[in-house]
Amino acid sequence: MEMVFLTALGVGGATVIGSVAGFIFKKISHKFSDIVLAFAAGVMLAAAVLGLIVPSVEYGGNYGLIITVAGIFTGAVCLNLIDKLVPHMHKFVGAEKEGRGGDKLDKVLLFVTAIAIHNLPEGIAAGVGFGSGNTSEAFLIAGGIALQNIPEGMVIIGPMLAAGITPKRTFLCALTTGLIEVAGTLLGYFAVSIASAVLPFALAFAGGTMLYVISDEMIPETHAHGSETGATYALLAGFCVMLVSDVLLA
């Protein structure tokens with residue numbers, strides 16, 4: 001349990017680390033941000049497939065494939081419904097470019113709220129990994145999510161400061177998004193520990209949410225500023241790093 005709690009703090013703390021970097025480097029170039037985010041997308045992709053989806057099939061027994069497919073689509077649909085209510089990263093950036101929407105502060109707060117909402121299922125994914133009992137796979141998943149949280153923490157700082165929010169409140173907002181991920185990690189762990197029968201579906205559900213975030217948000221964002229070639233190779237590098245890590249930890 002102590003290991004799960006420390007990992008939850010690490011996953012949530014990655015957002016805070018990113019936000020601190022955001023304070024230091026207020027004007028981060030799109031190219032650098034895209035490369036880092038694409039690398040994180042590759043890491044998350046490997047973590048979702050190797051740490052969640054493949055184990056889901058294995059734990060599901062005779063109905064493993066059916067349970068896994070159902071879980072993946074359920075997870076994706078849930079995040080899609082959340083997106084209908086609160087737009088996330090690439091939607092926010094697009095609106096800023098085109099000058100759509102209302103007051104700038106309202107849009108920034110909407111953006112931060114969206115990140116906070118999306119952090120809950122990401123945290124659950126990390127917690128579910130520990131609930132499976134496979135510590136190496138759980139660390140693989142948590143590491144992937146933590147790496148993704150660093151650039152996400154970085155990108156929320158600049159817009160909030162530019163909108164007139166004080167540095168103290170900006171940091172508290174970033175801290176809150178990280179704490180939500182800590183709560184999600186613990187929730188996922190306890191839910192699977194209490195009801196081990198739902199483990200295969202829970203793993204696939206978590207994998208589906210991660211695949212949705214990668215395809216719907218991270219990849220479009222990294223390909224929106226002319227750095228798509230570098231972003232593609234960064235994604236492949238992130239995937240291979242986690243693939244090698246998974247083999248060495250096995």
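A few points about this structure:
For (1) at pLDDT below 85; (2) in contact with a helix residue (DSSP H, G or I) (Cβ under 9 Å, 6 or more places away or on another chain); (3) assigned to a helix (DSSP H, G or I), each residue gets a yes or a no:
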| residue | (1), (2), (3) |
| --- | --- |
| Phe39 | no, yes, yes |
| Phe73 | no, yes, yes |
| Lys91 | yes, yes, yes |
| Ala95 | yes, yes, yes |
| Asp106 | yes, no, yes |
| Ile115 | yes, yes, yes |
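- If you go through the range 28-67 and keep only what is of a type in the set (D, E, K, R) and farther than 19 Å from Gly238 by Cα, you end up with just Glu58.
- Residues in the range 147-170 that are crowded, with 18+ Cβ neighbours inside 10 Å and either among the small types (Gly, Ala, Ser) or in a helix (DSSP H, G or I) (or both): 14 in all.
- Test result for Leu179, in contact (Cβ under 8 Å) with a residue 60 or more places away in the chain, within 10 Å of Val128 (Cα to Cα) and either open to solvent by less than 50 Å² (accessible area, probe 1.4 Å) or in a helix (DSSP H, G or I) (or both): no
- Selection of the range 17-37 for residues being at pLDDT 85 or above and of a type in the set (A, V, I, L, M) yields Ile17, Val20, Ile35.
- Being of a type outside the set (Gly, Ala, Ser), at pLDDT below 80 and open to solvent by 30 Å² or more (accessible area, probe 1.4 Å) is a property that does not hold for Asn80.
- Of all residues in the range 163-193, those satisfying the criterion of being among the β-branched types (Val, Ile, Thr) and out of contact with any Gly (no Cβ under 9 Å at 6 or more places or on another chain) are Ile165, Thr166, Thr176.
- Selection status of Met218, assigned to a helix (DSSP H, G or I), open to solvent by less than 60 Å² (accessible area, probe 1.4 Å) and at pLDDT 85 or above: no
- Any hit, the range 194-208, residues being assigned to a helix (DSSP H, G or I), in contact with a Ser or Thr (Cβ under 8 Å, 6 or more places away or on another chain), open to solvent by 40 Å² or more (accessible area, probe 1.4 Å) and more than 20 Å from Leu79 (Cα to Cα): no
The values are calculated or read from the model by the stated rules, or taken from the named source; none is laboratory data. Not measured: the values here are computed from a predicted model. Neighbour counts run over all protein chains shown; Cβ positions are idealised from the backbone, glycine included. To get the accessible areas, we keep the full protein, side chains included, count just its heavy atoms, and leave off ligands, DNA and RNA. Shrake-Rupley method; radii C 1.70, N 1.55, O 1.52, S 1.80 Å.
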